[in-house]
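Notes follow once the structure below has been shown.
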Amino acid sequence: MKLQVSLLLMACFGVLSRVQAEFFTSIGHMTDLIYAEKDLVQSLKEYILVEEASSPRLRGWASKMEALTSKSAADPEGYLAHPVNAYKLVKRLNTDWPALGDLVLQDAAAGFVANLSVQRQFFPTDEDESGAARALMRLQDTYKLDPDTISRGELPGTKYQATLSVDDCFGMGRSAYNEGDYYHTVLWMEQVLKQLDAGEEATVTKSLVLDYLSYAVFQLGDLHRAVELTRRLLTLDPSHERAGGNLRYFERLLEEERGKSLSNQTDAGLATQENLYERPMDYLPERDVYESLCRGEGVKLTPRRQKRLFCRYHHGNRVPQLLIAPFKEEDEWDSPHIVRYYDVMSDEEIERIKEIAKPKLARATVRDPKTGVLTVASYRVSKSSWLEEADDPVVARVNRRMQHITGLSVKTAELLQVANYGMGGQYEPHFDFSRRPFDSGLKTEGNRLATDEQDAFKRLGTGNRVATFLNYMSDVEAGGATVFPDLGAAIWPKKGTAVFWYNLLRSGEGDYRTRHAACPVLVGCKWVSNKWFHERGQEFLRPCGTTEVD
């Protein structure tokens, strides 16, 4: 029987090994973790049957996990659509399941522990757990959610209930602390204290939380509160060596600060802010505009502009294939012209493309503007794959359909890219086309239009990306909009629809108004596919304009 349990363990870890690496960047890949965890629970139950003397804690863990996995395995994507569930799954497999070895050791199950230790290489890593924590913080910032709301799991469009325990919240705060992010450290450690004060059970102690929190507020410049929190820590743990030294240091700094403030008749510091700290500025100049649009705020769809938007049947300049069955076309924006097409892909086609793409998914990359080398980046959180027509007839069929709709040739277009967004999956504001270097005088600090990036598509020999065709292959319960910060436009995903726009003016110059972003997915599992059409082959299909701005 023990051999059978061991074989079960090896089988379930085999599932994990096929999907390892950056799980948090793709909800589609995280569904495999659910089935792997369910297999772990089954093997643990069989071990408990063999080892009748197993501890009550071990049996309790197995019962708890059996109830959880029976729910998660019934609807993996729906369960993981809630970001709290996704975070807790990664945390369990990286932290809690390995810790199970300590419980099993108490039952002298050397074989089980050895198996667990050997196969730990197939679990999510610390990088996955910190990436999942960053994803929750990204959602917190973008959608202006406080830690208490996230902890209680009260997010719009959620199908499953999910909450963060005290230990989960502590894990969030510790992840922020380890990355030097003291702003989020304070927010989450305060949430830990709130839940501890409410009587929730936890393994983490209040003195440990105060240790992290006091140093974080000190780093933010709040000496008054750092002193107060350190004194509370010493009340709970008078023998805490570091706290004693910190208190003396903080008090000395506070005295020096008071001496300086007396000459100005002011009381410096952040203590009067009542624990509210401002989010630090970052590298993205249009951060506020971008995130406002993600929340559905600041959309500049005025009544006057709305009157210029229409719906119609589209036959692609009388393409024979579309004369019998034209597509429904809806204007999303007037200038630049952005349109949405309905019923572009059937549910069957979508599921088949997802099925083909999923084994090929890899972390989506961006091109380094200095070196031209593809690399991963924190501002693009998704996994993608490229599908050829030879992969399946459905790919060729969808390609022909996009050609008929746009009137552009797919012969020089890129392969169909399929992308699945992970926890808080996003792609911050970017251009789809390759920008040309400006005069050196314009290459100034903070000028986002000036660039010295290499021609990203020169090696293809097909020119620049003239147009983008974006297929939405899933609905998204909350978040996940495509936004255009310069326009003040927001387009929300609708399964089976597609949006289309030109990236280049007729002159071949880039249309900088098309800078766009994929907002973080708050609740849901977002799948899209892109077709990027290139200039070559379109000369007679989209003739050049007579001026630079045509």
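The values are calculated or read from the model by the stated rules, or taken from the named source; none is laboratory data. As the structure is a computational prediction, the values presented were derived from the model and not from experiment. A quick note on method: Cβ atoms are made from the backbone with ideal geometry, for glycine too, and the neighbour counts reach across all protein chains shown. Protein only, heavy atoms only, side chains kept; ligands, DNA and RNA dropped before computing areas. Shrake-Rupley method; radii C 1.70, N 1.55, O 1.52, S 1.80 Å.
The heavy atoms of Tyr502 present about 60 square angstrom of accessible area, all protein chains included, probe 1.4 Å. Straight-line reach from Lys300: taking Cα to Cα under 16 Å and skipping same-chain neighbours fewer than 8 places apart, the aspartates and glutamates in range are Glu286, Asp288, Glu291, Asp331, Glu332, Asp334, Asp486.
Note on Trp386: accessible area approximately 110 square angstrom, rounded to 10, probe 1.4 Å, nucleic acids and ligands left out.
Our coupling estimate for segment 277-293, obtained by passing each phi through the Karplus curve with A = 6.51, B = -1.76, C = 1.60 and θ = phi - 60°, is 10, 6, 5, x, 5, 10, 6, 9, x, 9, 3, 4, 5, 4, 6, 4, 5 Hz, Gly and Pro reported as x. Between Ser507 and Asp146, the C-beta separation translates, for a Förster distance of 41 Å, into a calculated FRET efficiency of about 0.25. Largest first, the residues Glu278, Glu389, Glu190 sort by 1.4 Å accessible area into Glu278, Glu389, Glu190. At a Förster distance of 30 Å, what's the computed FRET efficiency of Tyr183 paired with Thr163, Cβ-Cβ distance as r, to 0.05? Calculated transfer efficiency: 0.80. Counting heavy atoms of the protein chains alone, Glu66 has an accessible area of about 80 Å² for a 1.4 Å probe. For the listed peptides 204-211, 524-531, 356-363, 317-324, a ranking on the average number of other beta carbons within 10 Å per residue, highest first, reads 524-531, 204-211, 356-363, 317-324.
Here the Karplus relation 6.51 cos²θ - 1.76 cosθ + 1.60, evaluated at θ = phi - 60°, turns the backbone of segment 460-474 into coupling constants of 6, x, 10, x, 7, 6, 7, 8, 10, 10, 10, 8, 8, 9, 7 Hz, with x for every Gly and Pro. The distance linking segment 460-532 with segment 28-68 is 42 Å (Cα centroid to Cα centroid, whole angstrom).
Residues Asp75, Asp288, ordered by accessible area of protein heavy atoms at a 1.4 angstrom probe radius and largest first, appear as Asp288, Asp75.
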